[in-house]
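The values are calculated or read from the model by the stated rules, or taken from the named source; none is laboratory data. Note that the structure is predicted; figures quoted are calculated from it, not measured. Every residue, glycine among them, receives a Cβ derived from its backbone with ideal geometry; neighbour counts consider all protein chains shown.
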Protein chains: 2
Amino acid sequence: MSQQERIWIDPAEVERYILELARHGGDGTGVRRLVYSPEWVAAQEQVASWCREVGLEVHRDAVGNVWGRLAGTEGGPSIATGSHIDSQNPGGRYDGALGVIAGILALRALRERYGQPRRTIEVVSLCEEESSRFPAAAFWGSRAITGRATPADTEELRGYGGETMAEAMRAVGLDPARIPEARRSDIDTWIELHIEQGPILEQAGLPVAIVNGLPGIRHYVVRVEGRSDHAGAMPMDLRRDPMAGAAEMISGVIRTAQEMGRPAVTTVGRMLVEPNFPAIVPERVTFTIDVRHANPAQRDRLHAAHEALLRAVAERRGLGLHWEITTDLPPCPADPELVRLLEDVAREQGVPTLTMPSGAVHDTQRMAEIAKVAMIFVQSKDGRSHTPAEYTAPEHAAAGIQVLAAALHRLAY
Amino acid sequence: MSQQERIWIDPAEVERYILELARHGGDGTGVRRLVYSPEWVAAQEQVASWCREVGLEVHRDAVGNVWGRLAGTEGGPSIATGSHIDSQNPGGRYDGALGVIAGILALRALRERYGQPRRTIEVVSLCEEESSRFPAAAFWGSRAITGRATPADTEELRGYGGETMAEAMRAVGLDPARIPEARRSDIDTWIELHIEQGPILEQAGLPVAIVNGLPGIRHYVVRVEGRSDHAGAMPMDLRRDPMAGAAEMISGVIRTAQEMGRPAVTTVGRMLVEPNFPAIVPERVTFTIDVRHANPAQRDRLHAAHEALLRAVAERRGLGLHWEITTDLPPCPADPELVRLLEDVAREQGVPTLTMPSGAVHDTQRMAEIAKVAMIFVQSKDGRSHTPAEYTAPEHAAAGIQVLAAALHRLAY
């Protein structure tokens, strides 16, 4: 195609796909679609069926990722796109899902207009990016593709309901022993389209961003142990109250990230209190800390400050302190040439963009281990995500898919 | 009996009763015995059967309290003792249960040795003191006896599992419409024996305390509303994070009570986070505040300080703030003459005691609306309660029951 030739993606069609996929696990304006649940299985079947309609060869890999393949005349390594369709519990309709739909609609547009590509293009619908069913299994699908998931893991990973990953896989007909077969070493380039999940594009009045890097992320699960006592009969000065300690720790880590300034973010999103009754000083308080920073040195400083604060509070209050790091990914820069290519094609397509780092982490961070990567963001209304209130205007989504299709065209045709 | 005549209560017998009752709902060294559960029903039947063995007339009232009655020759208002057999979830074997067993063993000792009393003595096993099944129904049994429970309440009160009090009552054959029949206006004097649940007696090396008053207690259920956002993509400076607010509030109220000093106590024992996932800034955090003080003016100051702090944090952080007061009882002095009588008989029985205020609240606080009241405390190991680790040595329990029996003898024979 000429550099000026525009690719048309119909916003109404994007919206139709979004709403149709959201019927699987639909919950008000959001979805609850946990990996390997009946809703998730039905949604993956929907994705496979759409891929077939577009003329792609479909297969489900050993962990349940669904791949659609448009073979190139030359063979060789693939150019891949996609995202995930599992959701937070509940989450929105767009997080992940839009990236899968984008891949399908981009391939449909390219195939209808340009026929068979020179190089092979694939779209994949990944599983358990969110870790909303298995708290320590974030990026499960892309971990398997990059060789970072093993059959042994499936006996250790447990869902919030106590079930093992192996049990959940077997229940949907997947054999954990075959996980190594999901590994891919023939993907050259990975481009993921995703909603921004933050307010930057909306504040800038732009539909699309090219993403030049992803943050480092670490998840701590912190357990503070005290002594359960009667809320009336045990004087304050004799207590070892883990709630008092946890509250001080949480205030402290949040303040630390605030004072460090953007792009440092620290979130305490989950807390469990035991035994959790009004008239009992708790025995144990467990909470998560999600810490992110794009700069490796600043990130280390943030971690060190958090850990020092936890230790100081626990020591001063005579509390037991244990933590486990369940996720730990370094900052991930995008491939500079791929970023430039995306900026170029966006300009050619007449789609106004800015280039920015991602605040969120994505499967792209895993795919970077085996491929050149970059991402495309589309605007999120009010910057909201991980909630049923999440929304992206169909025009913005279509503009992002237009950029994706143009990039795939440039790379594969 | 002469002033010096000692009443013998066998410690081994006390322990046997405790262990036998703990079989109903037993859970390790503790019990889970929630009101109207099968375990609770079986335990009340056990209590009724023990009362019959001792020769008491037994009846179950309209809310399920079990009464055992030893009629006096003179008739007239009763002298009553007892406590509750529902537990925290899980709780210990002694909290409440020991007071019911104490009443039965005291009446057995008196009846065997002195026969029929002049005045009627009753022992009662009360229900849902702990509010461990119905969070807003603390003192349900004594509320019914004092006319503070109505049939209409039973449709509004809901258990942690969502069931109404009316449904739970009907499931064990109780008719909510008959609640008014549980009301009593013919109780003159109430003495409750209970474990201390704190460390004062152990630190003093004494088995028994005479309780000269109970604290005012208030339970707040506080809801802090923010905006759920993505933990990576939403910058710290743009968040309205209810966890950050709740942590600051909790630290603040606990510090306030600490700084006010004994006997002020403030406890945050229960917290619920929504949606409660590591990578999501919460939408809503709900927590309880349990506030106690024995002095009315100081208590008002403590409440005012807590409420001002909650408001200030919510306003500064742009968070929604709502609270409900689910329990609110004023401080309750014991009857001075009854306290003196208990001190006298303890001395005569050779049981060393101290006189102290209670930190915990008890059914006694409700019974004070219709009768002269006082309490007897027995030593708690390590001051622990509301946990399966709760323990009272049989010798200490027996010494307390000896004082109870001597007091009932003085009043009724």
So A:Ile210, is it at the interface with chain B (Cβ under 8 Å from one of its Cβ atoms) and outside any loop (DSSP other than H, G, I, E, B):
no
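For (1) buried (at least 24 other Cβ atoms within 10 Å of the Cβ); (2) of a type outside the set (S, T, N, Q); (3) in contact with a Gly (Cβ under 8 Å, 6 or more places away or on another chain), each residue gets a yes or a no:
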position	(1), (2), (3)
A:Ser83	yes, no, yes
A:Ile101	yes, yes, no
A:Arg119	no, yes, yes
A:Val124	yes, yes, yes
A:Phe139	yes, yes, no
Checklist (1) within 24 Å of A:Ala399 (Cα to Cα); (2) in a loop (DSSP other than H, G, I, E, B) applied to A:Gly68, failing item
(2)
Looking for something part of a helix (DSSP H, G or I) and assigned by TED's automatic domain parsing to the domain that holds A:Arg118 - is there at least one such residue anywhere in the range A:88-97?
yes
Selected residue (only one of B:Ile217, B:Ile200, B:Ile210, B:Ile195 is surrounded by fewer than 24 Cβ atoms within 10 Å (Cβ to Cβ) and over 30 Å from A:Leu201 (Cα atoms))
B:Ile200
Across the range B:340-381, which residue is farthest from B:Arg292 (Cα to Cα) among those that are modelled with pLDDT under 95 and at the interface with chain A (Cβ under 9 Å from one of its Cβ atoms)?
B:Ser358
Test result for A:Glu192, among the acidic types (Asp, Glu), within 14 Å of chain B (Cβ to nearest Cβ) and either closer than 30 Å to A:Ala264 by Cα or touching a residue at least 12 places away in the same chain (Cβ under 8 Å) (or both):
no
Among the residues in the range A:153-164, are any basic (Lys, Arg), in contact (Cβ under 8 Å) with a residue 24 or more places away in the chain and under 30 Å from A:Glu53 (Cβ atoms)?
no
Of those in the range A:127-185 that are hydroxyl-bearing (Ser, Thr, Tyr) and at pLDDT 95 or above, the residue farthest from A:His386 (Cα to Cα) is A:Ser185
